[in-house]
Amino acid sequence: MDKQFGYRVLNLAGDVGEALLENGSEVYRVENSVCAVAEYFGFYPQCFATLTCIIITFENSEGEIISLVRRVKSRSTNLDKVYKVFSLIKNIERYDLEVLEKAIKEITSEKPYSFLINTAGNCIGASFFSILFLGGMSDFVASFLSGLVVAIFSKISDKLSLGTFFTNLICGFMATASACFFHYTGFTNGASITIISTLMILVPGVAFINSMRDIFAGDLVTGMSRLMEVAMIGTSIAVGSGVALNIFLRLGGAI
């Protein structure tokens, strides 16, 4: 089999795995999709993926072996891209190599949601959580504005490349501080509903579910690693929120 063809298939498989992992997919889905690409083109694959690395090995019918290591430095949550890549691989028999390469490139080059859309999502999410927690109209508006504050500081943290821990710490602090401010000015009757409603948009729910799915699928190392990441994010949110509450209480406020 042509080595150049094998290298193209290997790079395609790496692109597929990297696209899935970067956008919040479960590790078992990454490994299965990489192997599906290789098997479709006549190779015998082995794939091992963690949260930050993908190792792929191909063996052809002549016994020749080629390998690829991809380092994944950044991860986010974009389930739309995960769905598109997974759907593409699920129907891989409809495409040839060139079409697949082009399709994966188009999916990975898609721009993420704009700041305006992310801000709207934060505001709407936080405000409607206040309804879930039986808040009134003032809690709804306060949560909406607190979601706006979180969106702004999240964008600033991303620009400064502060990392996941400090980004969530700052956002947790600002979410609680803004809720306490609305309570201090008398706009709301209490800060509790606004605080929990705003913090809910920071909770890493997708990461937690994916960690459980990886554990149940037998990927214990990755599942536990992701679970530790969830715990770290939760801790950073709690620390930021706790600092803001402590400052507010020391200034004579009451929750």
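Per-structure values
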{"quantity": "Pairwise Lys count, the chain - Cα closer than 24 Å, eight or more residues apart or different chains", "calculated": "24"}
{"quantity": "Percentage relative contact order, region 1-152, counting C-alpha pairs under 8 Å, at least six apart", "calculated": "19 percent"}
{"quantity": "Average accessible area per residue (Å²) across the chain - probe 1.4 Å, nucleic acids and ligands excluded", "calculated": "54 Å²"}
{"quantity": "With all protein chains modelled, accessible area of Tyr113 [1.4 Å, Å²]", "calculated": "140 Å²"}
{"quantity": "Lys, Arg +1 and Asp, Glu -1 on Cβ, resulting dipole of region 131-255 about Cα centre, debye, nearest 20", "calculated": "200 debye"}
{"quantity": "Hydrodynamic radius by Kirkwood, which averages 1/r over all alpha carbon pairs of region 180-255, in angstrom", "calculated": "14.3 Å"}
{"quantity": "Residues with amide H under 5 Å from that of Ala191, placed H, sequence gap 5 or more", "calculated": "none"}
{"quantity": "Exposed GluC sites (Glu not before Pro) absent: longest stretch of the chain, with sites in DSSP loops and at most 12 other Cβ within 10 Å deemed exposed", "calculated": "111-255"}
{"quantity": "Residue of Gly42, Gly234, Gly163 that the Gaussian network model of the chain assigns the largest fluctuation, springs spanning Cα pairs under 10 Å", "calculated": "Gly163"}
{"quantity": "Phi to ³J(HN,Hα) by Karplus 6.51 cos²θ - 1.76 cosθ + 1.60 over region 202-210, Hz, x for Gly, Pro", "calculated": "9, 5, x, x, 5, 5, 5, 4, 5"}
{"quantity": "Carbon plus sulfur fraction of accessible area for the chain, probe 1.4 Å, in percent", "calculated": "63 percent"}
{"quantity": "Overall dimensions of region 1-99 by Cα: Rg and Dmax, Å", "calculated": "12.8, 40"}
{"quantity": "Estimated dipole of the chain in Debye, rounded to 20 [Cβ of Lys and Arg +1, of Asp and Glu -1, Cα centre]", "calculated": "920 debye"}
{"quantity": "Assigned charges on the beta-carbon of Lys, Arg, Asp, Glu; region 93-174 dipole about Cα centre (debye)", "calculated": "340 debye"}
{"quantity": "Cα gyration tensor, region 23-151 - rounded (a/c under 1.5), prolate or oblate", "calculated": "prolate"}
{"quantity": "Kirkwood Rh, angstrom, the chain [1 / mean 1/r, Cα pairs]", "calculated": "20.3 Å"}
{"quantity": "Compactness index (Cα Rg / 2.2 N^0.38 Å), region 73-129", "calculated": "1.51"}
{"quantity": "Candidates Ala49, Ala217, Ala151: whichever shows maximal mean-square fluctuation once the chain is modelled as a Gaussian network with Cα springs under 10 Å", "calculated": "Ala217"}
{"quantity": "Charge dipole of region 16-69 about the Cα centre (unit charges at C-beta), most positive-ward option of Gly63, Thr52, Ala38", "calculated": "Thr52"}
{"quantity": "Phi to ³J(HN,Hα) by Karplus 6.51 cos²θ - 1.76 cosθ + 1.60 over region 179-189, Hz, x for Gly, Pro", "calculated": "5, 5, 5, 5, 6, 5, 7, x, 5, 10, 7"}
{"quantity": "Spatial separation of Cα centroids for region 48-95 and region 172-188, in angstrom", "calculated": "45 Å"}
{"quantity": "Karplus-derived 3J(HN,Hα), 6.51/-1.76/1.60, for each residue of region 158-171, Hz, glycine and proline x", "calculated": "5, 5, 8, 6, 7, x, 4, 4, 6, 4, 5, 5, 5, 5"}
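The values are calculated or read from the model by the stated rules, or taken from the named source; none is laboratory data. Keep in mind that this is a model prediction, so the values were computed, not measured. For neighbour counting, all protein chains shown are included, and Cβ atoms are generated from backbone atoms with ideal geometry for every residue, glycine included. With ligands, DNA and RNA removed, areas are computed over all heavy atoms of the protein, side chains included. Shrake-Rupley method; radii C 1.70, N 1.55, O 1.52, S 1.80 Å.
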